[in-house]
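Presented below is the structure to which this report refers.
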Amino acid sequence: MRELIEKIMEEGEVLSEHVLKVDRFLNHQVDPQLMKKIGEHFADEFRHERITKVLTLESSGISPALMTAYELNVPLLVARKRKPVTLSENTYKASVYSFTKREETEIFVSQTLLDCEDRVLIIDDFLANGQAALGLTDIVAQAKAHVAGIGIVIEKAFQGGGQLLRSRGYRVVSLARIASLQDGTVKLIEEVMC
Ligand code: G4P
Ligand code: NA
Ligand code: NA
């Protein structure tokens, strides 16, 4: 997606060979116009799948996921990383191991909000090793719902997540694919991969 790639090139900061900081438009400060275009793009890619719900993981997935849900005219469901006191009913639960942070997080979704009739589009901001997305597919499976696709804003293609998810048969659409972050430089794979 051209506008996203321009933003990454202009405002992204390479922190290391593994980490791209995008705090000026995605992870801290958020660019609403860019999020709107991202939402339109994901909606166009997945509209034919008759999506009933968009699912993301708090917190940085929410901005692009909300705009996607808005465009598809379906609810956005946000998996929680801590079980809030209000989430007293039964929950679907998955554990997500982050190789980046070397820690395991449990994620929760209320059983009242996802069921076997749902056709779910998973949206997230980053795809690294794919563990967050995999945890979300686990939750969809527990609900006996269908994963209709996975939309990722920035895929770090040099890590294993995209390959892992595609090998499991999921259609993954990434709006920007990063080939490498070596020498302080963002190298992109420019075309949209499906
Ligand atoms: P994985 O789910 O694909 O296996 O990824 P990983 O464990 O590495 O991701 C852990 C956290 O780090 C996630 O955010 C993810 O979005 C973020 N992340 C991974 N790589 C990058 C990167 O290159 N740049 C930036 N800016 N973030 C990255 P999180 O802990 O779930 O937090 P939140 O920001 O969504 O609240
Ligand atoms: Na993040
Ligand atoms: Na995220």
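Okay, here's what the table says:
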{"read-out": "Local electrostatic count, Pro32, Cβ distance below 14 Å [Lys/Arg +1, Asp/Glu -1]", "value": "0"}
{"read-out": "Nearby lysines by direct alpha-carbon distance to Lys37 (threshold 29 angstrom, same-chain neighbours under 8 apart not counted)", "value": "Lys7, Lys21, Lys53, Lys81, Lys156, Lys187"}
{"read-out": "Whole-Hz couplings from phi, Karplus 6.51/-1.76/1.60, listed for region 158-163; x for Gly and Pro", "value": "7, 9, x, x, x, 5"}
{"read-out": "Which of Glu49, Glu155 has the fewest Cβ neighbours within 10 Å, and the rest in rising order", "value": "Glu49, Glu155"}
{"read-out": "Neighbour-count order for Met67, Met9, Met35, fewest beta carbons within 10 angstrom listed first", "value": "Met9, Met35, Met67"}
{"read-out": "Gyration tensor over alpha-carbon atoms, region 65-111, equivalent ellipsoid semi-axes in Å", "value": "23, 17, 8"}
{"read-out": "Alpha carbon convex hull of the chain, projected area averaged over orientations, nm²", "value": "10.2"}
{"read-out": "MRE, 222 nm, helices only [DSSP H, n ≥ 4, -39500 (n - 2.57), over the chain, to nearest 500]", "value": "-8500 deg cm²/dmol"}
{"read-out": "Antiparallel content of DSSP bridges confined to region 2-188, in %, to 5", "value": "40"}
{"read-out": "Relative contact order (percent, whole number), the chain, Cα cutoff 8 Å, 6+ residue spacing", "value": "19"}
{"read-out": "Degrees, to the nearest 10: 62-72 long Cα axis against longest axis of the chain", "value": "70"}
{"read-out": "Sparsely packed trypsin sites (Lys or Arg not before Pro) within region 35-111, loop by DSSP, other Cβ within 10 Å at most 16", "value": "Arg50, Lys81, Arg82, Lys101, Arg102"}
{"read-out": "Charge dipole (the chain, unit charges on Cβ, about Cα centre) - positive-most of Ser95, Ser167, Val186", "value": "Ser95"}
{"read-out": "Radius ratio Rg over Rh of region 41-80, counting only Cα atoms, Kirkwood formula for Rh", "value": "0.95"}
{"read-out": "Length released on extending from Glu10 to Phe99, taking residue separation times 0.36 nm less the Cα-Cα span", "value": "29.3 nm"}
{"read-out": "Point-charge dipole on Cβ atoms (K/R +1, D/E -1) for the chain, about Cα centre, debye to 20", "value": "460"}
{"read-out": "Under-5 Å amide H pairs with Leu57, H placed in peptide plane, nonlocal only", "value": "Ala79"}
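Laboratory data are not the source of any read-out in this text; all were calculated from the coordinates shown. Since the structure is predicted, the reported quantities are computational estimates derived from the model, not experimental observations. Using ideal geometry, Cβ is built from the backbone for each residue, glycine included, and neighbour counts are taken over all protein chains shown.
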